[in-house]
Amino acid sequence: MSVLTLTQENFEAEALKSEIPVLVDFWAAWCGPCRMFSPIVDEFAEENQDKVKVGKVNVDEQPDLAGRYGVMSIPTAILFKNGEIAATLVGLQQKSALEDLIQ
């Protein structure tokens, strides 16, 4: 499963109503740490596609989503389970930190 591009239009269906946990990466193109985090998120998604769905929200294009979930710094990764926030990681993370979220 590839990484989904999440928008205001598909967020509820893809993230909040998902049968499996969803990791959402809030990022922006101008953000250096976000660009370093992106390949980590992509690799995590590829290796855990049977356990978790992964999506990305560009905060410049989707400011309402970022605001709704209190994203003040990027990158921010939020894990949703059953439509609720289960965990939040702020800043550049190692893949192991993402893996710990879904254990």
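No lab work stands behind these numbers, since they all come straight from the coordinates. All values derive from a computational prediction rather than experimental measurement. Quick reminder, even Gly has a Cβ in these numbers, built from the backbone with ideal geometry, and neighbours come from all protein chains shown.
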- Message: Just to verify a result, which residue in region 48-59, among those that are touching a residue at least 12 places away in the same chain (Cβ under 8 Å) and surrounded by fewer than 17 Cβ atoms within 10 Å (Cβ to Cβ), is nearest to Gly83 (Cα to Cα)?
- Response: Lys51
- State whether the residues of region 23-36 include one that is in contact with a strand residue (DSSP E or B) (Cβ under 9 Å, 6 or more places away or on another chain) and of a type in the set (Asp, Glu). yes
- Task: Take region 41-75 and flag every residue that is in a strand (DSSP E or B) and within 15 Å of Glu99 (Cα to Cα).
- Result: Lys53, Val54
- Is it fair to say Ser96 is assigned to a helix (DSSP H, G or I), of a type in the set (S, T, N, Q) and under 13 Å from the mean Cα position of the chain (by Cα)? no
- Message: Which pairs turn up if I take residues in region 2-21 that are surrounded by 13 or more Cβ atoms within 10 Å (Cβ to Cβ) and look for partners that are among the acidic types (Asp, Glu) and part of a helix (DSSP H, G or I) with beta carbon separation below 9 Å, at least 6 apart in sequence or on another chain?
- Response: Val3/Asp42; Val3/Glu46; Leu4/Glu14; Leu6/Glu14; Gln8/Asp64
- Query: Within region 22-38, restricting attention to residues that are assigned to a loop (DSSP other than H, G, I, E, B) and touching a residue at least 40 places away in the same chain (Cβ under 8 Å), which residue is surrounded by the fewest Cβ atoms within 10 Å (Cβ to Cβ)?
  - Reply: Ala28
